[in-house]
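Below is one structure, written out as structure tokens; the observations come after it.
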Amino acid sequence: MDIGSILLQEHAFSEIMMGNTAIVRAMIEAGVEVVTSYPGSPTPEIAEAAAAVLKHQKLFYFEYSTNEKVASEVAFGASLNGRLSVVFFKSVGLNVASDSVVQFSLLEPAGGLVIILGDDPGANSSQNEQDNRHFARMTSIPVFEPSDPQQAYEMFLKAAEISVENRMPVILRMTTHVCHAKARISFAKTPVVKTDREPVFRPGFGECIPLTSAVAPMKKRAIQKLEKVREEAEVSPFNFLTEGGASRGIITCGLPSLSLADLISELPSPPDVLVLGMIWPLPTELICDFCDRHDEVMIVEELDDFLEKEVKAAAFDRNLKLKIIGKSEPDDFIGELNQQNLRRFINSKWPDMGLKDESAPSLPVADLPPRPAQMCPGCGHRSAFYAIKKALKEDDITVADIGCHTLGYMQPYNIGTVLLSMGHSNGTGAGLSLFNDTRRVLTLLGDSTFFHAGLPGIINAVRNNHNITLVIMENGTTAMTGHQDHAGSRQPSESGKRQISIRAVLEGLSVESIAEVDTYNQAQLTKAVSAALDFIGFSVVIAKHPCMLKLTRDNRRRGVTSGRKAGIDDEKCRNIMDCIGGFACPSFTVDSAGGKVSVNTELCIGDGSCLQVCPVSAIELEKEAQDEN
Ligand SMILES: Cc1ncc(C[n+]2csc(CCOP(=O)(O)OP(=O)(O)O)c2C)c(N)n1
């Protein structure tokens, strides 16, 4: 059975699956009607599971929106109209969405709205480790935090219930390894949910306009709703105790609660533990009762001291006499609290607890050389960087942006020297170009990012005639996060979606210098970038080539292979090594014995983009041996 059919089963069942996938079953059970997202790890598998379901049954509407703010607004709008809605995105996505999300609890999303956040302790695939629990306080939105996939499923259902009941948004805060962990999950049977709700959006005058004096009563209502949810949190089974009368206690939440359970299971007299699954609003009575029964309480939480500060404040308010132990060293605020890190943390605070000081990882790790991230064989971005480098002068400034092309900052290209966020490059680049007549500025931007957050920086550059050259790395997809579609990607006509031309947008914005070159045409791209860099004002080069990973996968699925691989003509090869040192396609290797270049045909996709690189034309495309039979 495919995953779509598994998720759609009407009877109760149990199955091993990922936290992200389990959430989609919960969406089905809850009767979700609208789902939106902007891609970003660790959440894209939610979309994959949703797509698998939609192949069988159009149970809900799904879209990848232009960015997280738009995605949140679409879901919110649908909820205002009575549709139970879900929006999901990665941690930093909330920064983009927050300008609207901070208003959500002031209004009444009648259909219910669950915001799923993929936070990323350890920055496994993000540019920072931001702890989005802080947004809970700022937005007056309740937050659930599961510690495993079963809880992710159960908490989604509870979050949806609270949201519908109270007409308020609710956050399900996932973290990377809860999203991606696989576990056997017990699912309930699909209830009969009435989804053909009437459109309900008929607000009274000003009812949905949070402005000036209207804000105060709206805020009061939001705080009152939050207090109601807090009362529920006091008795929620998601906040639970393991108590044996110890004088020491630990308050924890999320994934660290599992590391903790494993660690303390080795102790003859373990501390008592309070696990919090509802982390906003906090069950302060439950917490204070727990504190009151212990002489010392340690707070075990990943990233910031969010719980710690709250617990200390609550204990202070009640004049409780106990020692509350939390974070003190910079390392305490960094990374995932896996068993190893948690052992270090607890031992540094309670050395007498009896946890063995096992600093070595429990699994043997082979002594492998480091493998830096790299672009795939045939990647059009590689050809682009190779060509752009030839157009650059030593002192030119290059500004990276977020996407696969960020890897251009690495050797041997070294293109892109500063990175902030999606779409920052033209703002930051403009700043770097000010009071700077001597160093030219080149900025980079992916095509998904162009639409996501790139446009305001571009409009600003056009408006103010900033002297920068933008290279748009157009590969037709959101490659880095797993090939999601975006406003500029080609869509089958039956999808009803329209493709927006980047060039037409730039022309519409009256950009004066626009060139468009296939990145495999390296000489032409070098020429175009040189000319653009010499242009005084804002110039754009669209460096296009389809994402070759996606193309080869799509072709393979259709049974199409080129049957060609690159090969080296040993007679011609002079060991110049530009294919390795300058172009750096991972398909090329130098054999350790003779120092000769050869091609790893397992990696080579036969794209031929490397042929132009060799000054003595020693690289050739050869037909694969098996094709000749
Ligand atoms: C605000 C925000 N949302 C999502 C992401 C996740 N993310 C990283 S790269 C990327 C897509 C980049 O796609 P594109 O601009 O087309 O470049 P490509 O990877 O295709 O080269 C996304 C969505 C992020 N880093 N920040």
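Just so it is clear, none of the values below were taken in a lab; they were calculated from the coordinates. As the structure is a prediction and not an experimental result, all values here were calculated from the model. Glycine gets a Cβ as well: all are built from the backbone with ideal geometry, and neighbour counts include every protein chain shown.
Please report the net charge: other residues with Cβ closer than 12 Å to the Cβ of K182, K and R +1, D and E -1. Net charge around K182: -2.
Multiplying the residue separation of E266 and L621 by 0.36 nm and subtracting their alpha-carbon distance yields 121.8 nm. For segment 308-390, the direction-averaged projected area of the alpha-carbon convex hull comes to 11.2 nm². Once both labels are positioned 7 Å from their Cα atoms along Cα-to-Cβ, the gap between L611 and C288 label points is 7.7 nm.
With the alpha-carbon atoms of segment 122-218 aligned to their principal axes, the span from lowest to highest coordinate is 49, 41, 18 Å, starting with the largest.
In loop segments of segment 132-233 as defined by DSSP, the trypsin sites (Lys or Arg not before Pro) with at most 12 further C-beta atoms inside 10 Å of their C-beta are K189, K194. Stokes-Einstein diffusion coefficient for segment 32-120 at 37 °C in a medium of 0.692 mPa s, Rh from the Kirkwood formula over Cα pairs: what value in µm²/s? It diffuses with D of about 257 µm²/s by this estimate.
Packing-based ranking of 240-250, 139-149, 393-403, 582-592 yields 139-149, 393-403, 582-592, 240-250, ordered from highest to lowest mean Cβ neighbour count within 10 Å.
Assuming R0 = 60 Å, what is the FRET efficiency of N414 and Q339, from their Cβ-Cβ distance, to the nearest 0.05? Mind showing how you got there, number by number?
On the way: r = 38 Å, r/R0 = 0.64.
After rounding to 0.05, the efficiency reads 0.95.
Sorting the Cα pairs of segment 226-327 by distance into bins of 5 Å, from 0 upward, gives 3, 13, 25, 26, 21, 9, 2, 0, 0 percent per bin.
Write down the Å³ per residue value for the convex hull defined by the alpha carbon atoms of the chain.
Numbers: hull volume 128.7 nm³, N = 629.
Residue-normalised Cα hull volume stands at 205 Å³.
Extension gain, E10 to K393: 0.36 nm times the residue separation minus the Cα-Cα distance gives 131.5 nm. Is any residue of segment 602-621 close enough, with backbone N under 17 Å, to a label point placed 7 angstrom from the Cα of T589 along the Cα-Cβ axis, and if so, which? Label zone hits: 602-606. Rounded, prolate or oblate: which fits segment 550-629, taking a ≥ b ≥ c as square roots of the Cα gyration tensor eigenvalues, rounded meaning a/c under 1.5, else prolate when a/b beats b/c? Note, shape of segment 550-629 comes out prolate.
Max-minus-min Cα coordinates of segment 386-450 on each principal axis give 31, 25, 15 Å, with the largest extent listed first.
Projected onto its three principal axes, the C-alpha set of segment 252-296 covers 32, 25, 10 Å, listed from the longest axis down. Among the listed pairs K58/K497; K69/K309; K390/K527, which have their C-alpha atoms separated by more than 21 angstrom in this model? Too far apart for the 21 Å limit: K69/K309.
At 0.36 nm per residue, and after removing the present C-alpha to C-alpha distance, how many nm does the segment from I576 to S186 gain when stretched out fully? Mind showing how you got there, number by number?
Details: separation 390, 0.36 × 390 = 140.40 nm, distance 6.02 nm.
Between I576 and S186, full extension yields 134.4 nm more.
Note on F201 and A216: the model spin-label points, each 7 Å out from Cα along the C-beta direction, lie 2.9 nm apart.
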